[in-house]
1. How big is D for region 46-216, in µm² s⁻¹ as a whole number, if Stokes-Einstein is applied with the Kirkwood radius of its Cα pairs at 10 °C and 1.306 mPa s?
2. Calculate the translational D of region 85-146 in whole µm² s⁻¹ from Stokes-Einstein, where the hydrodynamic radius comes from the Kirkwood formula applied to all Cα pairs, the temperature is 25 °C and the viscosity 0.890 mPa s.
3. Which number gives the lysine pairs in region 46-216 that have C-alpha atoms under 19 Å apart and are eight or more places apart or on different chains?
Amino acid sequence: MKKNVRLLTTAATAMMLAGVFAPLTTAQAAVAGTNTAPTSTVSNPKQARTAIITAKGTLQGQLVPYIRCVPNTGKVTLHYTAQNCGFVDGDIAYLTIKLPEQFKYLASQPEFASYITGEMRETRLFGDNTQPINPSNVTVYTDRIIVEVPRSFWIGVGDVNADIVIDYGQLLEENHHLPVDSAPAGYEFIAHLQYSSAPWDLLKAPIIGTNNDTIFTSETDAIY
């Protein structure tokens with residue numbers, strides 16, 4: 001029964017999006033002020049297209065405070081899930097995790113990315129794809145980390161799942177002087193998944209719902 005519902009959802013979405021992505025006729029292009037490119041004997045790379053109709057992002061996780069010389073402490077574990085309905089044809093996505101303000105000194109260290117690990121899983125039209133999260137696909141800023149999701153193709157329902165571990169305890173073992181202030185309300189983490197929409201994409205954001213979510217940790221001290 002679930003399989004039939006999923007197939008019906010995919011078919012319905014395909015019919016709805018067919019009109020959205022139908023190519024412009026010459027007359028329509030003229031009205032829109034679009035200049036058609038000259039014909040070339042060299043084939044151009046396929047243009048990626050994306051339209052997210054509905055979206056739901058969920059973030060869960062916890063923080064284990066750092067205790068000096070105690071193994072497996074000083075870790076943030078995050079689990080993010082995005083359930084989208086629509087169409088993605090070759091676009092890259094970016095998962096942004098906004099870090100707590102109290103983590104700015106940790107994230108400012110050049111080696112911070114090497115303490116971020118995990119796994120990302122995508123649901124695709126022709127099967128799922130799993131890839132590790134490591135410094136090669138993570139960009140770090142003092143207030144956030146950005147994980148690149150590979151190009152994907154799906155129509156109907158597409159899911160992205162990410163499990164991320166930030167082992168800040170190992171960083172503190174080597175840099176005892178770095179401060180991490182307390183957070184009376186808990187440490188705030190914000191997740192956001194955004195597909196890299198192109199200029200020709202008609203929809204830049206989900207029509208219904210959002211891929212954002214926020215959590216506050218139950219722990220208010222990152223260091224004991």
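1. Translational D for this selection: 94 µm²/s.
2. Values: Rh = 13.4 Å.
For these conditions, the coefficient is 183 µm²/s.
3. 4
Bear in mind that the values in this text are calculations on the coordinates, not laboratory data. These numbers come from a predicted model, not from an experiment.
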